[in-house]
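What follows is a short report on a single structure.
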Amino acid sequence: MNLTEIIKDRRSVHRFQDREVSPELIIELLDAAVWAPNHHVTEPWRFILVHGDSKEKLAQTVKGIRESKETDPEKKKAIGEKIYKKISSNPMYLIVIVKEDENPIVREDDFAAACCLLQNFSLLAWEQGIGMTWHSYGWLKDPIFREAYGIQPNERAICNMHMGYPEIIPMAQDRKPAKELVTILD
């Protein structure tokens with residue numbers, strides 16, 4: 001596939017095969033993805049790769065956070081079971097953490113660079129037959145989660161990427177043509 005085809009064919013994948021993804025392959029893809037545009041080459045990112053037995057810790061941590069916010073015992077149990085099942089069923093997760101610079105302009109540039117990195121990563125993964133979905137859950141900001149995963153006060157977990165080999169590839173959704181969105185100034 002050429003790059004245009006990969007960009008147009010990539011989909012957010014929500015259902016994965018019961019098949020492991022090689023952590024070494026993910027690291028190889030990240031090695032290429034870090035070449036994203038990054039003003040002043042601050043390289044503000046780091047990653048936590050969760051797979052195999054480590055999914056248990058993620059499932060228990062998120063289950064505990066979500067249950068702690070519910071007062072109704074039946075809803076609490078249902079939420080906990082749903083979260084646990086979902087996290088346990090996906091093959092792999094990538095938690096992406098970005099430094100939060102004191103300077104708001106640098107902080108915004110760093111976040112944008114991390115988004116570029118993630119686009120690179122998702123396209124490289126798609127080329128290898130790996131699908132993913134970006135999730136920015138509220139629990140990524142929770143103190144319990146931050147402590148469990150060593151996220152420092154000057155860092156922000158920007159997303160939790162669900163990853164695996166697609167069980168189902170969704171249909172494409174239409175996009176507006178660029179000519180409808182561009183203002184040309186002469």
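The values are calculated or read from the model by the stated rules, or taken from the named source; none is laboratory data. Predicted model only: the values in this text are computed from it and were never measured. Every residue, glycine as well, gets a Cβ built from its backbone with ideal geometry; the counts of neighbours run over all protein chains shown. Note: areas computed on protein heavy atoms with side chains; ligands, DNA, RNA excluded. Shrake-Rupley method; radii C 1.70, N 1.55, O 1.52, S 1.80 Å.
A compact table of results
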read-out: Residues of region 155-186 satisfying the condition of being part of a loop (DSSP other than H, G, I, E, B) and acidic (Asp, Glu); value: GLU167, ASP174, ASP186
read-out: Any hit, region 167-182, residues being exposed (fewer than 10 other Cβ atoms within 10 Å of the Cβ), among the hydrophobic types (A, V, I, L, M, F, W, C) and within 26 Å of LEU29 (Cα to Cα); value: yes
read-out: Extreme residue, farthest from ALA148 (Cα to Cα), among residues of region 60-75 that are under 23 Å from the mean Cα position of the chain (by Cα) and of a type in the set (D, E, K, R); value: GLU67
read-out: Residue in region 52-65 that is open to solvent by less than 80 Å² (accessible area, probe 1.4 Å), free of Cβ contacts under 8 Å to residues at least 24 places away in the same chain, on the phi < 0 side of the Ramachandran plot and not basic (Lys, Arg) present; value: yes
read-out: Some residue of region 93-104 being in contact with a helix residue (DSSP H, G or I) (Cβ under 6 Å, 6 or more places away or on another chain) and open to solvent by 80 Å² or more (accessible area, probe 1.4 Å); value: no
read-out: When residues of region 24-35 are limited to those that are touching a residue at least 60 places away in the same chain (Cβ under 8 Å) and part of a helix (DSSP H, G or I), the one most open to solvent (accessible area, probe 1.4 Å); value: ALA32
read-out: In region 107-136, the residues that are in contact with a Ser or Thr (Cβ under 7 Å, 6 or more places away or on another chain) and of a type in the set (A, V, I, L, M); value: MET132
read-out: Any pair with Cβ under 7 angstrom, 6 or more apart, that starts in region 137-156 at a residue that is within 21 Å of ILE83 (Cβ to Cβ) and ends at one that is modelled with pLDDT of 95 or more and of a type in the set (Val, Ile, Thr); value: TYR149/ILE48; TYR149/ILE95; ILE151/ILE97
